[in-house]
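Remarks on the structure that follows.
Nothing in this text is a laboratory measurement; each read-out follows from the coordinates by a stated rule. Small disclaimer: the values here were computed from a predicted structure and weren't measured. Here the Cβ is made from the backbone with ideal geometry for all residues, glycine too, and neighbour counts use every protein chain on show.
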Amino acid sequence: MDEDAAYSSVTDNTLTEFESYEDFLDSQITSTDLYYLEDEELARQLVELGYRGSGEVLKREEFAARKQAAEASRNAKRNQQKELSSAGRCLKDPFLQALADREEANRSGRLTTIIFIRDKNANGQEISGYIDYAHRLRSEDFAAYFVGKRRLLPRMADLSFYNWETQISTSQSSPTYQVIAENASGLLFKNKADRKILNVDPLVSRLPIVEEFLVVV
């Protein structure tokens, strides 16, 4: 009775447990079937035709299609869980919480966020810069930031970087934004997707729809 109940129905998730269609057929063949038939291949054919076996009848093509769909769904869920570095974190820092709130949207492309940070590096030098949050998420593991092992600081490879002591200044376009440095209005960032220009001057009013600008000092 318990064995019959186990195979009374076939779910798509169950199909991922079988390496091949033959393994799926074998799972429905009993020792009694093999005793009387004395032929494993014949037993498989009877299961495929629905004459033997205690589970759902699936043709080879249907088995392959449903197994592929189930594996794709499982991998998508697994990747989503892996991608969210902030998932399950107890965050007390308002800045890290703000990053966590925007992580999924930046990873999926529904939102783009530029972060301005002015802080001191490991040498005690004051540095500042603009960071493309979505680009950083794709290029490094953010778990270390969310657990407090590292501090998020601007780098020379970010949208812009400035060392106030050495006066080293750099700017780099990212996959999301084009840097417009030579402009009378100051530093501008042009979104490569919708081609909208973001003015990061705090005195300039703006109505961001899919773009955000965070300031951390």
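Values as computed for the structure displayed
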| quantity | calculated |
| --- | --- |
| Furthest towards positive pole of dipole, Ser171, Phe95, Asn106, structure part the range 64-176, Cβ charges | Asn106 |
| Computed lengthening from Arg151 to Phe18, 0.36 nm per intervening residue step minus Cα-Cα distance | 43.4 nm |
| Glu165-Ser185 FRET efficiency (beta carbon distance; Förster radius 30 Å; 0.05 resolution) | 0.65 |
| At R0 = 41 Å, FRET efficiency that the Cβ-Cβ distance of Glu41 and Glu83 yields, to 0.05 | 0.35 |
